């Protein structure tokens, strides 16, 4: 998470690059200075749990199957709801207010 006053860099990122054939570029902000990577097994980041997020459930082939709009800290329930669908292979998490790509959640089973 980028804190107020911290320098950041804005660039375009295609979350499907190298995974799917359909491009879907969008804005991403990253820290301008080196920072520690967020651990992949640390769960949903607490810093953004209360920030409005859009969870897009995709099937292979970049097929958008379902969306969940999360305004409060019920992120885990929304993730579970999307993965309860057997056709959802992964979830893209985006900022609901800015549309920025945040990260991807992979199905573990």
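Only the coordinates and a few stated rules stand behind these numbers; no lab work does. What you see is a predicted model, and the numbers here were worked out from it, not measured in a lab. Don't worry about glycine lacking a Cβ; one is built from the backbone with ideal geometry, like all the others, and counts go over all protein chains shown.
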- Message: Normalised by the empirical 2.2 N^0.38 Å for globular proteins, what value does the Cα Rg of the chain take?
- Response: 1.08
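For residue 62 and residue 34, what does the FRET efficiency come to when R0 = 25 Å and r is the distance between their Cβ atoms, rounded to the nearest 0.05? It would help to have the intermediate numbers written out before the result.
Working: r = 32 Å, r/R0 = 1.26.
In this case the efficiency is close to 0.20.
Averaging sequence separations of C-alpha pairs under 8 Å and six or more residues apart, then dividing by the length of the chain, give the relative contact order as a whole percent. Each step should come with its number before you reach the end.
On the way: 181 pairs, mean separation 24.9, N = 109.
Across the chain, relative contact order equals 23 percent.
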- Message: At 7 Å along Cα-to-Cβ for each site, give me the label-to-label distance between residue 19 and residue 49 in nm.
- Response: 2.4 nm
- Task: Return the calculated 222 nm mean residue ellipticity for the chain, to the nearest 500 deg cm²/dmol, obtained by summing -39500 (n - 2.57) across DSSP H runs with n ≥ 4 and dividing by the residue count.
- Result: -2500 deg cm²/dmol
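If you take the Cα Rg of the range 1-63 and divide it by 2.2 N^0.38 Å, with N the number of residues, what do you get?
1.33
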